[in-house]
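The values are calculated or read from the model by the stated rules, or taken from the named source; none is laboratory data. Since this is a predicted model, take the numbers as computed values, not measurements. Heads up, the Cβs are rebuilt from the backbone with ideal geometry, glycines too, and the neighbour counts pull from every protein chain shown. With ligands, DNA and RNA removed, areas are computed over all heavy atoms of the protein, side chains included. Shrake-Rupley method; radii C 1.70, N 1.55, O 1.52, S 1.80 Å.
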Number of protein chains: 2
Amino acid sequence: MKHTVTFLPDNVSVIVEDNTNLFKAVKAAGVYVLSSCGGKGNCGKCKVVIKTGTVEGGKTRSFLSAEEAERDYVLACHSRVKSDLTVEIPQESRMQAKHKIATGAKTEEILKLMKQAGGCLESRIHRIYLELPPPTIDDNIADFERVRRALDRAGFSAANLHMNYMMLSKLSRSLREADWKVTVSVFTVTEVLEVLDIFPGNATKTRFGAAVDIGTTTIVVYLVDMTNGHIIGTASTYNSQVKCGDDVISRIVYATERSGLKELQGLVVNNINTLLADLAEKHKIAPGMIDYIVVAGNTTMTHLFYGIDPEHIREEPYIPAATFFPPIRGKSVGLQLSPQAIIYSMPNVASYVGGDITAGVLVSQVHKQDAVSLFIDIGTNGEMVLGNKEWLVTAACSAGPAFEGSGIKFGMRAMEGAIEEVEIDPKTYEVNYRVIGDSKPIGICGSGMIDILAEMYLNNVIDQKGKIREEIGSKRIRRGESGLEFVVAWRVESAINKEIVITEVDLDNLIRAKAAIYAGFATLVSHMGLTFDSIEKLYIAGGFGRYIDVERAIAIGMLPDLPVEKFQFLGNTSIMGAYYGLLCDRLRHEAEEIAHKMTYIELSVSRSFMDEYMSALFLPHTNINAFPTIKKEMARRNRLG
Amino acid sequence: MKHTVTFLPDNVSVIVEDNTNLFKAVKAAGVYVLSSCGGKGNCGKCKVVIKTGTVEGGKTRSFLSAEEAERDYVLACHSRVKSDLTVEIPQESRMQAKHKIATGAKTEEILKLMKQAGGCLESRIHRIYLELPPPTIDDNIADFERVRRALDRAGFSAANLHMNYMMLSKLSRSLREADWKVTVSVFTVTEVLEVLDIFPGNATKTRFGAAVDIGTTTIVVYLVDMTNGHIIGTASTYNSQVKCGDDVISRIVYATERSGLKELQGLVVNNINTLLADLAEKHKIAPGMIDYIVVAGNTTMTHLFYGIDPEHIREEPYIPAATFFPPIRGKSVGLQLSPQAIIYSMPNVASYVGGDITAGVLVSQVHKQDAVSLFIDIGTNGEMVLGNKEWLVTAACSAGPAFEGSGIKFGMRAMEGAIEEVEIDPKTYEVNYRVIGDSKPIGICGSGMIDILAEMYLNNVIDQKGKIREEIGSKRIRRGESGLEFVVAWRVESAINKEIVITEVDLDNLIRAKAAIYAGFATLVSHMGLTFDSIEKLYIAGGFGRYIDVERAIAIGMLPDLPVEKFQFLGNTSIMGAYYGLLCDRLRHEAEEIAHKMTYIELSVSRSFMDEYMSALFLPHTNINAFPTIKKEMARRNRLG
């Protein structure tokens, strides 16, 4: 028996077998529904509303409120289709397309930074225009040798010249059709100079490349004019893999399932193809002229992009297949560019410190400074690097995706409708908030959560353990289905016709997340026998990082209590580092040195980290003396109060 | 309208459209008919007999005798099918499968020669057995890095370690499934150490390779145990490309036609696949264990094997696409071996001096001797190398395929039924001959032609210009359709029910061929300011060469008049050189040095060559003083006569 399932508001239908899992029907229809776990049934995000028809299951009480259950909400992944259906995907379960991903592309600014970092416009791929003397009976060396000789004369060391099969096959024709005036694209691997392509005439002025940041959530592309470093255009999209799981762990699990790896690779490659094709069309560039791509991503994303099984990344002792990936042809992974286009991946360090972090260090220049600085990319994993020009140590704390909305009842990513700033009145406990897009709120994003936690703590709405003080007697405090909760936005204010609350469970999850990040810092610092005082600069990278209010992040004990001027936001250093590596081979090489130099510390088995983590499960910290600013502020407020 | 064409004696039928060229029908049916020109209509070899039915055309008088025409012979390539047909392919137009191609494979002998040449059992591909420590939380480097570290510790310089996409994809699984005890197959390209394959456990004792001689006419394969150099088995076959043309020029022409190149590549690759599969099965070896192949062939054969257009080889200024071919994966050309198997081609020197000649020099050791020696491979082209340890010069004279039977009325290759030795009685002019296989003759092969020419000249049946002296009054001399001819075998003696004759046209063609070879020698020698006396050794290679009677070859002026002890037959040096290169990387490298060192002299535009050639168009030579032995012999015979 088959049923037709129609999804609103897109009005897309799909025909499925009786008893099909509704989450699978969603995927089959190609519509989007939020999900952190990729349909495993344990995140509770894929709420949909059954408008007509019957499903079996789905009314899972641990994830749905009584009110939602009454309003025909079900969890898609817990429901089985039993008849023709009309299913609405409510606003809170939809990906908001309006959110602009920070691409941060200002050519002048980035070029300047790159040059300050010692960069130049000497890419790994060179184009050389050659006017070859046509062969004669007295000069009758093979075509290949003729190219070699010309490259040698042009100053390229072509003793070990290589061409792959495809190039060799077309060599004779290419040279003669262009009347021996050709542009040769070459690439150096160790001592071997490889001819990538041969273009008729002088094609040295039409060279394009792309820098790609493959994030777990978002993908950003820069299309770059390789002759002058100008960013011709930028584009970004959500990583379509999101529908197979929110975080790297659920992606890895998905990848180990039958054809999951191939599917995940296809999704990200398709994203990049689409972004590049759109940019190329918009800027009237033949995609075939793009012949060099540098990608930066975390280790799992890099494996998935290359189509390499990341299975062992998630199991102790956490081993990636590779950290340094060989340059390969774009077509090997399915990229639709020049057939000879080369992909280079910024080098990874370990299973949880990837090419995005190597790129970040390259941009931050931590590795070149006398003073010790700390680089952190706050996301699902807080990856951090501590060091100076002598040494670099790195670690990743699995903070979990709480600040990205996962495990938080009204958590969401920083997109339209998200509460991003919050203030609580110390006396009335009334709440002021700001919503992205200035619309009615549908949830709370990471910076909003930090604000809420900080404000609730500083105003004594919660205690040091994150427990709500019911005794303060605010009407915003009430007992919900999962215990005490605090109403951030009343039903009338919200876009979803219900109160937006923060629960004690949410607070607990946020405190665990911030504790993991802080414990990571503390472990690295003590590992090197240092104290936080010795840190000269603390660089914060990542799309999420740029919206953090540093003082409030210190107040909750997520960031160490250092003077605000020591903090510096760097934006998306992953794409910037990829851009550096694309344009300047010296900096690309420097990134490899950085990756080699970094000592990775596995926190998940570190006793020191566990101790630090336990101590950090308080607001701001068990040892309040580590947070003198907050201690002083609390004392001030208590005096006032 | 369609017709059924049945070919006898194989009794194979094919259905073709009305008006189809009969030669195409032959090819479509997959049966074999002799052809030097590949169906172009200008060699006159593809004679068939129409038993029933009608063809249009085909009775081309310039190629068929009146008698043949009467007996329903037609030239297949000149005939168009007009009805159902029964067509007999007569014996003289059939490839004889019984002829054994000389493979010359005696392990002990060849191994000894290789070692005398400085060879060892250190191939370019190494297998290393590694017992990797399984990863732990304290030793959690990436799988790739673990392999690198182990290779480094095993003494291989793995700073630049490479794996291709396929290897990287299976790396993690391979290591774990083998419980970290693996054998790694590695290959060095310049400074890069490439992992070709990973086998579970210790697989260092099961390594196989193959040496392949790709001749224009025949293909020879050695299957080699790489651990001890033993030749496990040898196999050979005719190059199936023969049906597309006898010589390299007709192959090149064929390759330039639509899909011709692909077809030619497929034919030779299919030949090699079949030979290797048969050998592997016979010796119970999995073809997947063969991971290294070294081929030697002339420049055109190498291009065709790689699928690279040889078009410009045949047009002045005679430019090959490449002389040094990069090592590539066997699967790129369609070889059915280990998917990671590497093919290496012995380096070529120029359009008409190929890897077979480089291999030959390596085997002859011309390049290591103080004294000057001459190496020659007599075939369609007489390729020759003159030199010593200081210098090497090389040239190819387009002798044409006369000695292989082309352009000679009853010419054929050295196969069963070929007259291979001839004596003429000085007084009666009666002929004694020996036939390969001791059967009735169907034609004359190269060594037979040399004998006939020598005997006719020494016994005054022909003059210095090769003109038949009708005045001697032998019944064997008669006027045929193309002028005077000499009957070598009477009709009753032959297997084809007609006289086997040598015509004045044949004699002219043979003199041109021998003149070209001699002129080549003379040009090289005078180019270096030397005389023939300074040549210490003259090495003769090639399957044809081994059957030559040196004294008679001197008598006709094909070889210089040197003492017989200076001549040495080396056999198939192409396959031997490939075998050297397969087993010993030092010798493979030496072959590259040889190829670099050789100075190629283009004879086709050399005035000196033209002069030498004109002078050599006499028997034995215009300057009889250059042939004192023959001068003496003629004087002796004339005194007797």
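Extents of chain B, largest first, come to 100, 69, 43 Å (Cα atoms, principal axes, whole angstrom). For B:S604, what is the net charge nearby, where nearby means another residue's Cβ is under 12 Å from its Cβ and Lys, Arg count +1, Asp, Glu -1? Overall, the nearby charge balance is -1.
Were the residues from A:K115 through A:R637 laid out at 0.36 nm apart, the gain over their Cα-Cα distance would be 183.2 nm. When DSSP beta bridges are restricted to pairs lying wholly in the protein assembly as shown, around 70% turn out antiparallel.
In chain A, the longest principal axis of the Cα atoms and the axis of helix A:573-583 are about 0 degrees apart. Summarising the rotation from chain B to chain A, the nearest chain B beta-carbon to the axis and its distance in Å are given as B:E191, 2.
With both partners inside chain B, how many of the DSSP beta bridges are antiparallel, as a percent to the nearest 5? Of the beta bridges lying entirely in chain B, close to 70 percent run antiparallel. Straight-line reach from B:K331: taking Cα to Cα under 13 Å and skipping same-chain neighbours fewer than 8 places apart, the aspartates and glutamates in range are B:D291. Among residues other than A:I468 with Cβ under 12 Å from its Cβ, the summed charge is -1 (Lys and Arg +1, Asp and Glu -1).
The interface between chain B and chain A buries about 3500 Å² of solvent-accessible area in total (1.4 Å probe, ligands and nucleic acids excluded). Report the net charge of residues surrounding B:E263, where surrounding means a beta-carbon distance below 12 angstrom and charges are Lys +1, Arg +1, Asp -1, Glu -1. Summing Lys and Arg as +1 and Asp and Glu as -1 gives +4. Against chain A, whose longest principal axis comes from its Cα atoms, helix A:585-597 is set at around 50 degrees.
Backbone N atoms of segment A:504-519 closer than 15 Å to the 7 Å Cα→Cβ label point of A:D611 belong to residues A:519.
Over chain A, Cα pairs under 8 Å with separation of 6+ residues give a relative contact order of 12 percent. Position B:K427: other-copy label points at 14.9 nm, ordered by increasing distance, label point 7 Å along Cα→C-beta. In terms of distances greater than 32 angstrom between alpha carbons, the cross-link table entries B:K514/B:K597; B:K284/B:K537; A:K389/A:K514; B:K282/B:K389; B:K115/B:K537; B:K243/B:K597 yield B:K284/B:K537; B:K282/B:K389; B:K243/B:K597.
When the listed pairs A:K45/A:K498; B:K440/B:K465; B:K45/B:K262; B:K24/B:K82 are checked against a 20 Å cut-off, the alpha-carbon distance exceeds it for B:K440/B:K465; B:K45/B:K262.
An ellipsoid equivalent to the protein assembly as shown, defined through the eigenvalues of its Cα gyration tensor, has semi-axes of 81, 33, 24 Å when rounded to whole angstrom and sorted largest first.
A straight Cα-to-Cα reach below 17 Å connects A:K2 with the aspartates and glutamates A:E17, A:D18, A:E56, A:D84, residues fewer than 8 places away in its own chain not being considered.
By the Cβ rule of 4.7 Å, chain B holds the following cysteines without a possible disulfide partner: B:C46, B:C77, B:C120, B:C244, B:C397, B:C445, B:C584. If the cut-off is 16 Å between C-alpha atoms, which aspartates and glutamates fall inside it for B:K368, apart from same-chain ones fewer than 8 positions away? Here the aspartates and glutamates satisfying the reach criterion relative to B:K368 are B:E390, B:E536, B:E590, B:E592, B:E593.
Plainly put, the tip 7 Å out from Cα toward Cβ on A:V564 is 10.8 nm from that tip on each other copy, the closest given first. Summarising the label geometry, the points placed 7 Å from Cα in the beta-carbon direction at B:E565 and A:I624 lie 11.2 nm from one another.
Considering only beta bridges that DSSP places wholly inside segment A:406-450, some 60 percent are antiparallel.
Interface burial in segment B:176-190, defined as at least 10 Å² less accessible area with all protein chains than with the chain alone at a 1.4 Å probe, covers B:R176, B:V189, B:T190. In nanometers and ordered shortest first, the copy-to-copy spacing of the A:V12 label point, defined 7 Å from Cα toward Cβ, is 5.6. Against chain B, whose longest principal axis comes from its Cα atoms, helix B:504-527 is set at around 50 degrees.
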